[in-house]
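Q: This is the structure I want to talk about, given as structure tokens.
Read-outs: derived from the displayed coordinates by stated rules, not from any lab. Every value quoted in this text rests on a predicted model; they were computed, and no experiment measured them. Positions of Cβ are backbone-derived with ideal geometry, glycine not excepted, and every protein chain shown enters the neighbour counts.
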Amino acid sequence: MRLIAVVDRSEDGLFGVAFPDAPGCVAMGATEDEAIANATDALAEWAADMRSVGRSMAARGVEAVLTDPDVREAMATGGVLVSIPLLENRGKLARANISLDEGLLASIDATAKRLGVTRSAFMAAASLEKIKATT
């Protein structure tokens, strides 16, 4: 799932991100990229909070978000829309059987060992990094 967010620049030069479909979920950053990275983390935390109180969330598409008066106002003053992935950490491990090139797997294992993490932890972190980079 991805949610539409509005990125704008404040008077002090910082970038802010707000989610029309996630009230109260906001993030800031010194750069646009930093704000978007922070927004990904903020959205994950917001979703976990909503889930903990039994609330579900719904994400509207771009067309529906554009009908929101606050979004229209933000865009009229330079705001831009971005799509942010919802990276849910459900706290429950799941097994996955994947196939990788033998050489790649050896490189993953060597790097994980050098970093002092497990293969699974390394692959999870690398996957999250890649997902965040596609925002």
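Q: By how many nm would the segment from E32 to R60 grow when fully extended, if each residue of separation counts as 0.36 nm and the alpha-carbon distance is taken off?
A: The E32-R60 span can extend by a further 7.8 nm.
Q: While we're here: Which of S120, S99, S107 moves the most in a Gaussian network model of the chain with Cα springs under 10 Å?
A: S99
Q: Sticking to Cα atoms, compute the Rg of the chain to one decimal and its Dmax as the biggest Cα-Cα distance, whole number, in Å.
A: 17.9, 53
Q: Search the structure for amide H atoms under 5 Å from the amide H of L87, placed 1.01 Å from N in the peptide plane, and list their residues when 5 or more places away or on another chain.
A: Result for L87 returns A44.
Q: Moving on to the next point. Give a quick list of GluC sites (Glu not before Pro) in the range 22-96 that DSSP marks as loop, anything other than H, G, I, E or B, with at most 12 other Cβ atoms within 10 Å.
A: E88
Q: Same structure, new question: How would V117, V17 line up from fewest to most surrounding beta-carbon atoms within 10 angstrom?
A: With the fewest neighbours first, V117, V17 line up as V117, V17.
Q: Are there trypsin sites (Lys or Arg not before Pro) in the range 48-135 that DSSP marks as loop and that have at most 14 other Cβ atoms within 10 Å, and which are they?
A: Details: sites: R51, R55, R60, R72, R90, K92, R95, K113, R114, R119, K130, K132; in loops: R55, R60, R90, K92, R95.
When the trypsin sites (Lys or Arg not before Pro) of the range 48-135 are filtered for loop state and at most 14 Cβ neighbours within 10 Å, R55, R60, R90, K92, R95 remain.
Q: Continuing with the same structure: Nearest 500 deg cm²/dmol is fine: what mean residue ellipticity at 222 nm does the chain get from its DSSP H runs of n ≥ 4 alone, each adding -39,500 (n - 2.57), divided by its residue count?
A: Using -39500 (n - 2.57) per qualifying helix, the result is -14500 deg cm²/dmol.
Q: Considering the zone a paramagnetic label at V53 would reach in this model (a point 7 Å from Cα along the Cα-to-Cβ line), which residues of the range 1-40 have amide N under 16 Å from it?
A: So the set is 21-26.
Q: Quick one: plug the Kirkwood hydrodynamic radius of the range 96-135 (C-alpha pairs) into Stokes-Einstein at 37 °C, 0.692 mPa s, and report D in µm²/s. Walk me through the numbers on the way to the answer.
A: Numbers: Rh = 10.8 Å.
Stokes-Einstein gives a translational diffusion coefficient of 304 µm²/s.
Q: A further question follows. Can you sort D70, D101, D8 by how many other beta carbons sit within 10 Å, fewest first?
A: On the way: D70 12, D101 8, D8 17.
So the ranking, lowest neighbour count to highest, is D101, D70, D8.
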